Structures are given as structure tokens and as C-alpha cells.
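Inspection log for the structure reproduced underneath, given as C-alpha cells.
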Amino acid sequence: MGPAIQMSNGPDVLIIGAGLAGLACARHLADVGVSFQVIEASDGIGGRVRTDQVEGFLLDRGFQVLLTAYPEAQRTLDYHALELKKFTPGVFSWFAGRMNKLVDPWRTPGGWNEALRSDFGGFFDKFRVLRLRARLRASSIEQIFKRPERSTKDALVSAGFSEEFIHRFFRPFFGGILLEGELKSSSRMFEFIFKMLCEGDTVLPARGMGAIPAQLASHLPTDSIRLNTHAESLHENELTLTGGESLRARAIVVAAEGPAAAHLVGEAEPASRSVSCFYYSTDEPPVPHPMLVLNGDGAGPVNNFVVMNQVAPSYAPAGKSLVSVTVLGTQQLTDQQLSGFVIAQMKNWFGPIASSWRHLKSYRIPHAQPQQYPGALEPSQRPVRVRSGIYVCGDHRDNASINGAMLSGRRAAEAVLADFSR
Ligand SMILES: Cc1cc2nc3c(=O)[nH]c(=O)nc-3n(C[C@H](O)[C@H](O)[C@H](O)COP(=O)(O)OP(=O)(O)OC[C@H]3O[C@@H](n4cnc5c(N)ncnc54)[C@H](O)[C@@H]3O)c2cc1C
């Protein structure tokens, strides 16, 4: 028997924000028949996971990927319907004046020979990757998030990795995931992501990352999401919208991003990690495989790039390639100035052909992720019940990932249901 849930005429629950956390919360409430309304300030669903269509290209609002090993994504999403397209496991890294390839030997046929022969990383670094992989595969996610925290850099140094390997591989690779190049972020987040990378595939949905929130929303009743509606303030169980309209519900779930949520519920704002993403159309892909390309020498603004249509052909029209370039931070430069520096760096790597790359669009994302320095993930699951009738979810409640956002949404829905059944 399910919980005894008391229903009212208006929606029982108001959810502020139609990002992954808000949509996941709504999805769990819909599954048990609780009524809700989602209030979204912007003109579309998805929050930080949206895809624009520009001249036949699919442009995700900032480069991001789904890791199929994420347990909450496995639990909530229909992977088959998303038509997931895999990256080739491995990376290119630019250093010593050339492109260097490191394959993932576990998932590349004949890869052991290539990995061991490659002069990207010495024998001891490769051995330590093997040891780290084995240790994390043997640990549960719960164990990882309970371990003593330190910075990712300290964790790598104490695991014995050489400064050179950290600089050429871990710094740009995890810099692009944690959105900071100094690797100051919590070792718990590093270990969680490393485990997820080892245990599944790194993928893009064929119709863009925005297909993930679209799939969550497809399970919700029509008209349950109200777009272009900004929640201004919250007093007890009453929500005031910009423009003055008031809404009431038995429960209000704030599923806004960290700084906006903090404003609404009166908490301290979390610090932000910001990032910029530049898209270019090219006639030829600059690298031969669908692998992440890292800036392993540290010079220039580009941290990493990917040729998106090599992973998922639907990202570009026939005959064109789509290059997604990640620059950490938002930078105090105009798009034109920063793009000029990006192209100068790419000319250094690929020669004059890079001058022909056509800048399609850029995205600057001031709050791409909450900062997750040691301490920020303690406890790893922060409370979702703020006070009577008010709940909070979002990546700032669990961790800055698609998995963390969806998990926090489910936790908030479960807390609401538990309180309704009292
Ligand atoms: C560039 C980039 C790269 C990333 N890379 C990855 C990756 O590769 N893998 C991964 O797992 N994760 C990645 N992430 C992190 C992941 O995307 C986020 O953790 C997750 O999407 C956060 O979802 P959320 O629902 O918590 O917040 P959001 O997506 O920010 O949703 C919050 C919603 O609330 C709305 N809102 C805010 N205030 C109000 C208000 N007052 N009234 C009404 N609505 C409001 C917003 O408009 C927004 O739609 C990346 C993030 C970015 C930006």
C-alpha cells in the first residue's frame, strides 16, 4: 500500500525551475499521481542542459556529456530512446608541438599494445591509472562520498602520478569536467566521475543533450510547465511571481540553480564555476577520431575541444564538421576577441587551415556548476527539506552532475511525499 496522500483542488506542489532536478522531481510526483505545477523563468525546459538548432547544427549550451554509468540516469532515463552515440574511449593531448594519443586499453581492441608503447605517460603513470581504476571500481559510490576529502590535485600527487602526466592529462581532462584547471575541487567528485567513466560509456544523445530534459518532460501532464514565469519571492507556502501574482500550494520545491535558490530560501549563495563554449563550422574535422582533444601544454585559452558530429553525426549538416571549444571561465573579452585567441591557438596546432573555421555561436555560462572545493560535498547529500512546506533540490544539493541534479529531484519528491503521508 502506498502512502495516504491528501489531495486539493489546485496543484499540491509548486516546483520552481524546469532543469533536470525540477523535472526529475515532477516526474516522481507524476508517477504517484500527485498534482504539481512547474514554474520556469526562461523560455524553455532543461536549465543548463539545452540544445539550440542553428543553421542545421545542434549546439548544446556548453559542452557536456552523459556518462551511462550514472545510477540515477539509468534509473530514470530510457537510454534506448535517446539514441546514444559513444565517444571513442581515449584522448588526444597537444604537447611537445604535436598531437599525442592515449587510448583506453580496456575498451580498445588491441589497445594494450598501443597504450603501453605510447610515450604519452610513463610506465609508472600507466600503472597508477590501472591501480586507481581497480580501487574505484571496487568502491561503492557511497564509500567514495564518505572518504576524507582533499583537493583533486593532492589526491593525484599522493597516488604517485608524475607532475608531467597530471599537467598533460588530468589537468585539462578533469579541468574540463570540474570546470577549473587548478584541480582544487574535491577528490570525492574526481573519484566519482573517474569511476563513472570507467564503468560505462561517454555519450551524446543523437538529438542533442536537450533530449534528456525533453524525455523527462514527455512523462508529465500537458500544461504542467509554465514557461517565462519568474518566481520572485517565497513566504511560508506562498510564492509571488514577478508581476505580483501569488500562488499557494501545500508544498513548494525550489529547483532553481544554487544562487537563485539561495535568494529564494534565504541561504548563503554557493560560489560558481563558469565556462565559455565556442562553436565553429569547418569543412574538414581537425582530428581523425571522435575523441576529446586536450590542451596538454597549458598555453592558450582552449582547454579542450571535440568534433561533435564525429560522435553523433546529427550534430552537423552533411559535409560539415562542428567543433565545440571549451574555455574555462567567462573571461573579460568580447566573443570576437576571445574567438580570435581561440583561432590563433588552433592555427598553432593545425596550421593556417584553422583560419577557415567559421564561428557559429558562443555561450558564456557564469554559473555552470557550484564550486565543489573540499568541504562543499560534506555531507554528500545536503538536506532537501528547508522548513515546513519548503523543499530545495538541484545539483548544489548533491553534486554538480546530471546524476546529482536528478537524484536531488527524486529526494525532494520523496521528502514531499513522506510529509504528505504524515
Ligand atoms: C557547460 C556545462 C557543462 C557541464 N558538463 C557536464 C557533464 O559533462 N556531465 C554532467 O553530468 N554534468 C555536467 N554539467 C552539470 C549539469 O549540467 C548540471 O549539474 C545540471 O544540469 C543542473 O541541473 P539543475 O536542475 O540542478 O539546475 P538548472 O539546470 O540550472 O535548472 C534550474 C532552472 O531553474 C530556473 N530558475 C532559476 N530561478 C528561477 C526563478 N526565480 N523562477 C523560475 N525559474 C527559475 C532556471 O531558469 C533553470 O531552468 C555541466 C554544466 C554546464 C553548464
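The values are calculated or read from the model by the stated rules, or taken from the named source; none is laboratory data. These numbers come from a predicted model, not from an experiment. Using ideal geometry, Cβ is built from the backbone for each residue, glycine included, and neighbour counts are taken over all protein chains shown. Remember, those area values only see protein heavy atoms, side chains included, never the ligands or the DNA or RNA. Shrake-Rupley method; radii C 1.70, N 1.55, O 1.52, S 1.80 Å.
Across the range 73-87, coupling constants 3J(HN,Hα) worked out from phi with the 6.51/-1.76/1.60 Karplus curve, θ = phi - 60°, read 5, 4, 5, 9, 9, 9, 4, 4, 5, 7, 6, 6, 10, 8, 6 Hz, and Gly and Pro carry x. The relative contact order of the chain comes to 26 percent, based on Cα pairs under 8 Å that sit 6 or more residues apart.
Each eigenvalue of the Cα gyration tensor of the range 88-190, multiplied by 5 and square-rooted, gives one semi-axis; in descending order these are 23, 17, 12 Å. Rounded to the nearest angstrom and listed largest first, the equivalent-ellipsoid semi-axes of the range 31-81 from its Cα gyration tensor are 24, 20, 10. Take the Cα radius of gyration of the range 160-241 and divide it by 2.2 N^0.38 Å, N being the number of residues; the result is 1.71.
Each 20 Å bin, from zero up to the one with the longest distance, holds this percent of the alpha carbon pairs of the chain: 26, 56, 18, 1.
Each DSSP beta bridge with both residues in the chain is either parallel or antiparallel, and the antiparallel ones are about 75%. Element breakdown for the range 345-422 at a 1.4 angstrom probe: carbon and sulfur atoms account for 52% of the accessible area. Extending 7 Å from Cα along the Cβ direction at Gln381 and again at Asp119 yields two label points whose distance is 5.0 nm. How large a share of the accessible area of the range 114-201, in percent, is made up of carbon and sulfur atoms when the probe is 1.4 Å and the other protein chains stay in place? The computed percentage sits at 55.
In percent, rounded to a whole number, the relative contact order of the range 91-203 is 25, using alpha-carbon pairs under 8 Å and six or more apart. Computed from the alpha carbon atoms alone, the convex hull of the range 327-422 holds 155 Å³ per residue. Within the range 126-234, none of the trypsin sites (Lys or Arg not before Pro) combine a DSSP coil assignment with at most 11 other C-beta atoms in a 10 angstrom radius. Over the chain, accessible surface divided per residue gives 42 Å², non-protein components excluded, 1.4 Å probe. Database remark: amide H of Arg226 closer than 5 angstrom to the amide H of Val38, Ile39, Glu40 (H placed geometrically; neighbours at sequence offset of 5 or more, or on other chains; Pro and chain starts carry no H).
Within the accessible area of the range 30-70, the carbon and sulfur atoms contribute 44%, probe 1.4 Å, all protein chains present.
Magnitude of the charge dipole for the chain, about its Cα centre and with charges confined to Cβ atoms of Lys, Arg (+1) and Asp, Glu (-1), is about 1000 debye. Could you state the number of Å between the C-alpha centres of the range 31-68 and the range 248-276? Each part's Cα centre sits 18 Å from the other's.
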